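Report on the structure given below.
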Amino acid sequence: MDTSGRDMQEKFVGLVQEHRSLLYKVCRVYCFSEADRQDLFQEMVIQLWRSYPHFRGESKFSTWLYRIALNTAISNLRKQRRRPSPVDMNEVPTPFQDMTWPGEEEEQLQQLYTAIDKLSEIEKALVMLYLEDRSYDEMEEILGINQNNLRVKMNRIREKLRNMTKEAAYGIR
Amino acid sequence: MELDSLKYAWRTLESRSAPDKSPEQIRALLHQRSKGPVEKMRRNLTGELLLILVTYTPAILFYFLDFDGKLSGIAWLFILLLAFLAVYFYRKNRILKAMQCTGCTLRSSLQQQVDTLKRYTRFYVRAGTIMIPIMTILSWLIIRWKFQPAPGADLFYRISGSPWWQHPLTWLILLIPITIGVYFLNVWYVGRLYGQHIRKLQDLLREMEEE
């Protein structure tokens, strides 16, 4: 690899390190087991590296990163290796069994994850971008859905999540 | 639960829980092989190409060198078939290359995947079906051309006529149901391989488009 190639690689590695929490969030939302998350993380980094020479800086780096990460998560991995049985899914918020967060906020976050888990793949992407405080402009740039449609979908998802957590609180499955 | 009230928790707690990755670990990932389905399909295609080259080359050499070169026509048939397969692999590879657009918006990327995957399966079915009559007709021509009756048997052939299995009409009648059967077999196989994935992508697109 020549000097410019090495420089580009170093810059890329630095950017991935800086934004790794975004990638992990995508992995958490779309994968059930730690092994699947590792696989998805690896795949996303490979796809990012392949597309990096085409990144012209026309959009924010994080927007570009989200686009590739979500594309990879939603359309690239056809099969998840380890998926818990439906019985387990009702008992425990499976993606986060290993996480122990004390406090009310953390508990709410765990509830949120359990609810997100029941959403479709597109809805998961929307919720994630919303929680990341991305503007509707940016969401449109990432997902390719027009803003009016995004707002309608977002309202519907909010309602859906509200109902899900209400049902969980009253023990309705 | 209100989503807005969870924004802060999501952004802070989640960022804290992300495992650390050293630059070396990230650098190592760059040299790993992709496990994506398109990459796997491209690797399988290369494997198929190698397998064909490995099996056809000795056969071509055999028919060129043995029998004092009298059966070189069969070697040329194999070369013709290889040329046909080269076009087949080239087309397939081009379609697979066009399938990925990770830098596009999610919607365009899904649309592109659906379109190219459909093109890919159509090509798979057509090429797989047309190969059967081409191969059969070429084999028949070779048999007719290279395996003439022995000089002593001419009289027998003149008296009895050519055997039924040598008649072009017999071949044609057999070829039609076989080709139709192979077509449906290909349709079923392609559906089994990619049908579910295409339907899943179409469902995602539909969900994105509906208001």
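Readers should treat all values here as calculations from the given coordinates under stated rules, not as data from a laboratory. Worth saying up front: this structure is predicted, and the values here are computed from it rather than measured. As a convention, Cβ positions derive from the backbone with ideal geometry for all residues, glycine included, and neighbour counts pool all protein chains shown.
Please state the shape class of the range B:68-116: rounded when a/c is under 1.5, otherwise prolate if a/b exceeds b/c and oblate if not, all from the C-alpha gyration tensor. It comes out prolate by the Cα gyration axes. Counting, for every residue in A:8-20, the Cβ atoms of other protein chains within 10 Å of its Cβ and taking the mean gives 3. Partner shielding of B:20-30 amounts to 6, given as the average count of beta-carbon atoms from other chains within 10 Å of each residue beta-carbon. With semi-axes defined as the square roots of five times the eigenvalues of the C-alpha gyration tensor, the equivalent ellipsoid of the range B:1-134 measures 50, 21, 9 Å, largest first. Counting every alpha-carbon pair across the range A:113-152, the share separated by more than 17 Å comes to 24%. Past the 28 Å Cα-Cα mark, which pairs from A:Lys153/B:Lys21; A:Lys60/B:Lys7; B:Lys7/B:Lys200; A:Lys60/A:Lys124; A:Lys124/B:Lys21; B:Lys21/B:Lys92? Check vs 28 Å cut-off fails for A:Lys153/B:Lys21; B:Lys7/B:Lys200; B:Lys21/B:Lys92.
Descending by average beta-carbon neighbour count within 10 Å, the peptides B:171-178, A:152-159, B:73-80 line up as B:73-80, A:152-159, B:171-178, the highest first.
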